[in-house]
Each structure stands twice: as structure tokens, then as C-alpha cells.
Amino acid sequence: MLGQYLDYQRETILSKTDGLTQEQLALKHAPSELALAGLLYHLALVEENWMEVRFSGLPDREPWVGIDWESDPNWEFRTGCELKPDDLRRRYREACERSRQVLADAADLDQLSVQPLRDGQRFSLRWALLHLIEETARHAGHADFLREAIDGVVGE
């Protein structure tokens with residue numbers, strides 16, 4: 001059920017980018033610096049980081065390897081605007097599919113992560129899914145406003 005709810009939020013995010021050009025996806029609306037392209041790239045990073053790297057213990061994928069997040073904490077938001085819409089959507093879809101595979105391969109929702117949280121405690125797969133739901137749903141709300149500002153499209 002958690003996976004299904006997360007999938008609904010994922011599809012909501014993707015629907016907010018349907019039919020938009022690279023220029024439209026890169027539009028920012030003051031006072032925010034947020035653009036749909038950056039948001040989609042950020043969510044690809046979130047999926048990969050939480051499910052593959054932190055939960056499963058896999059290495060970072062390109063292009064995240066070697067990014068100095070301390071000096072450029074918004075790297076994915078900025079560089080996402082440079083990518084073609086189909087490439088952005090494909091990266092996000094592939095990241096989501098790999099997350100689904102992590103879920104399918106897990107023993108159960110109580111399985112613990114390979115990497116711990118900042119407090120040193122390992123987290124469960126259940127916690128990771130809830131975190132992804134929260135993160136994706138929060139950004140789906142941002143995407144609603146951004147899409148409406150671009151072309152007036154509203155709704156799910």
C-alpha cells in the first residue's frame with residue numbers, strides 16, 4: 001500500500017511536466033528559484049540516494065558522483081534546467097523503477113538500511129518509503145503552483 005501511494009505521488013509529479021518544453025521546465029517564478037526541471041532532477045536524486053545508496057549501500061550513480069554538495073547544495077536544482085525534458089523524465093522514471101526493485105527485493109518493510117541516519121541509527125524500509133512519500137508529495141504541491149504559473153494547468 002505504501003508503494004502504491006508513493007507511485008501515485010510519482011505519477012502526479014510526472015504529470016506536471018507533461019507537454020512542456022525545456023524552456024518552460026526551466027522557468028522560475030519570483031521569489032522562488034525553483035523550476036519544474038530542477039524539482040524533477042532533485043526527486044531523481046532523492047529516489048537514488050535514499051533507496052539505492054543509503055538503504056541498499058550501493059555507490060552513487062553518475063552524475064551525483066563527485067559533486068561538492070557543501071559548495072553547491074542546489075546543484076541538481078540548477079543543472080536539471082539544462083537537461084532535455086525526455087532525459088529528465090527518463091532519469092526520474094528509471095530511478096523510481098530501481099526503487100521499486102529495492103522494495104521487491106527486500107525481506108520485509110522492517111529490513112534495516114546499510115547506511116545509518118545522522119544519529120547513527122539505521123532506518124527501516126518502511127521509514128524510507130514514508131520519507132519518499134512525504135518528500136514527493138511536498139514537491140508535488142510545489143509542482144502544482146509552478147505548472148499553473150507556466151500555462152494555467154491545474155489539478156492532478
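Scan the stretch 41-60 and tell me whether some residue there is in contact with a strand residue (DSSP E or B) (Cβ under 8 Å, 6 or more places away or on another chain) and of a type in the set (D, E, K, R). There is at least one residue in the stretch 41-60 that is in contact with a strand residue (DSSP E or B) (Cβ under 8 Å, 6 or more places away or on another chain) and of a type in the set (D, E, K, R). Taken as a whole, the structure leaves Leu45 outside the set of residues that are in a helix (DSSP H, G or I) and either farther than 20 Å from Gln101 by Cα or modelled with pLDDT under 95 (or both). Of all residue pairs spaced 6 or more apart or on separate chains, those with beta-carbon atoms under 9 Å, a first member in the stretch 62-88 that is farther than 19 Å from Lys16 by Cβ and a second member that is in a helix (DSSP H, G or I) and among the β-branched types (Val, Ile, Thr) are Pro63/Thr79; Trp64/Val53. Here Glu52 meets the list (1) out of contact with any Gly (no Cβ under 8 Å at 6 or more places or on another chain); (2) of a type in the set (Asp, Glu); (3) closer than 17 Å to Glu135 by Cα; (4) without any contact (Cβ under 8 Å) to a residue 40 or more places away in the chain almost entirely, failing just condition (4). Being of a type in the set (A, V, I, L, M), surrounded by fewer than 13 Cβ atoms within 10 Å (Cβ to Cβ) and either touching a strand residue (DSSP E or B) at 6+ places or on another chain (Cβ under 7 Å) or more than 18 Å from Asp7 (Cβ to Cβ) (or both) is a property that Val153 lacks. For Thr17, the criteria (1) part of a helix (DSSP H, G or I); (2) crowded, with 20+ Cβ neighbours inside 10 Å; (3) not small (Gly, Ala, Ser) hold in every case but one, which is (1). Condition (residue is over 15 Å from the mean Cα position of the chain (by Cα), over 30 Å from Ala26 (Cβ atoms) and modelled with pLDDT of 95 or more) applied to the stretch 69-82: is it met by at least one residue? The answer is no; no qualifying residue exists.
The values are calculated or read from the model by the stated rules, or taken from the named source; none is laboratory data. Values in this document were obtained by computation on a predicted structure and should not be read as measured data. Reconstructed Cβ throughout: ideal geometry from the backbone, glycine too, with neighbour counts over all protein chains shown.
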